[in-house]
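Accompanying notes for the structure given below.
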Amino acid sequence: MGYVDHKETALRTALLGKCDLVSQMVYEFPELQGIMGEKYALAQGEDPTVATGIREHYKPRFAGDSLPSTVEGTVVSLADKLDTLVGYFAVGSIPTGSQDPFALRRQAQGVVQILIHGGYDVSLTSLIEVAELGYHDVRLGQENGQALLDFFLARLRVLLTDQGYAYDVIDAVMASRDDHIPSLLGRVSALTEFLTGDSYEDLITGFERVANLAAKAEGDALDPSQFAPADRAFYQALEELEQTCKKHLARQDFAGILQSLADFRLHVDGFFADVMIMDSDRAVRANRLAMLSKAHGLYGLCGDLRLIVVNK
């Protein structure tokens, strides 16, 4: 059964999710919100998955709490938390310092945990935009929208730090500006493991040689008529690397990307040995710098390697 088959029950869960808040029971015992909603739903003959979704959509309620186990609970939990966060950020109620009267950090942490647990490779920006459509009289605006995206990523940073990942690896991956939570986690995990392997030196050495000159590139246009044999060989190797990295990226195989980049050091070293990058001929020089700039972009697929602290 696909997610589309849960559409009606998810909508029903969203419709009834807050009904128990007006009951005297929840008024007297607020900690029973959702729990009583499930019981009331079952008592009036609702689908059991709807009843479970009503209880689960509050999860996770606190650090270490379990996550929703049903599609209905998961979807409504994400929608509820995103709606709350977008609304508060839109009106400028953004937590600062230790002040968080509406527990927005907990809400954002819940979204991050659900996305990681389910492996939902969806853009945070797109989720924010969809949630904003539910508001007709307020808008996030660019500044508050970016603040909310950064707020989510800050929660991911806390989670990764708590799991023992090194700060420099987290910084390097976060610099990629990717906003897909599972792929960010995948990059951090792959890069952490790769740094302890035999190919790490090849990865960093190749990257540093490329990065030192790539910044001098004035564009990415190439003139193949100006290629020397070494230029043509490096260009072919670069094209093959790009295609390989694209295949790995499509499979979220970040370890494969890192290994391919480490193996590319052989071509980088050969290129630097065979030609003078800063050739006196402007067209030749521009070609070589443009190729290095393209290579630099591929090295950035798993993060900004300049931020990795060597010999820490």
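Quick check on the stretch 170-177. Is at least one of its residues among the β-branched types (Val, Ile, Thr), touching a Phe, Trp or Tyr at 6+ places or on another chain (Cβ under 6 Å) and either surrounded by 15 or more Cβ atoms within 10 Å (Cβ to Cβ) or at pLDDT 95 or above (or both)? No - not one qualifying residue is present in the stretch 170-177. Against the list (1) more than 28 Å from the chain's Cα centre (by Cα); (2) assigned to a helix (DSSP H, G or I); (3) of a type in the set (Gly, Ala, Ser), the condition SER77 fails is (1). Of all residues in the stretch 163-173, one or more are without any contact (Cβ under 8 Å) to a residue 12 or more places away in the chain, under 30 Å from SER126 (Cα atoms) and either part of a helix (DSSP H, G or I) or hydrophobic (A, V, I, L, M, F, W, C) (or both). Only one entry of LEU266, LEU249, LEU289 meets the criterion of being crowded, with 20+ Cβ neighbours inside 10 Å and either assigned to a helix (DSSP H, G or I) or under 21 Å from the mean Cα position of the chain (by Cα) (or both), and that entry is LEU289.
Each residue in the stretch 80-107 was checked for being assigned to a helix (DSSP H, G or I) and among the acidic types (Asp, Glu), and 2 of them qualify.
Restricting ALA63, ALA14 to residues that are of a type outside the set (Asp, Glu) and touching a helix residue (DSSP H, G or I) at 6+ places or on another chain (Cβ under 6 Å) narrows the list to ALA14. Name the residue, out of ALA237, ALA221, that is of a type outside the set (Phe, Trp, Tyr), in a loop (DSSP other than H, G, I, E, B) and more than 21 Å from MET174 (Cα to Cα). When all the criteria are applied, what remains is ALA221.
The values are calculated or read from the model by the stated rules, or taken from the named source; none is laboratory data. Quantities reported herein were computed from a predicted structural model and do not represent experimental measurements. Methodologically, a virtual Cβ is constructed for each residue, glycine included, from the backbone with ideal geometry; neighbour enumeration extends over all protein chains shown.
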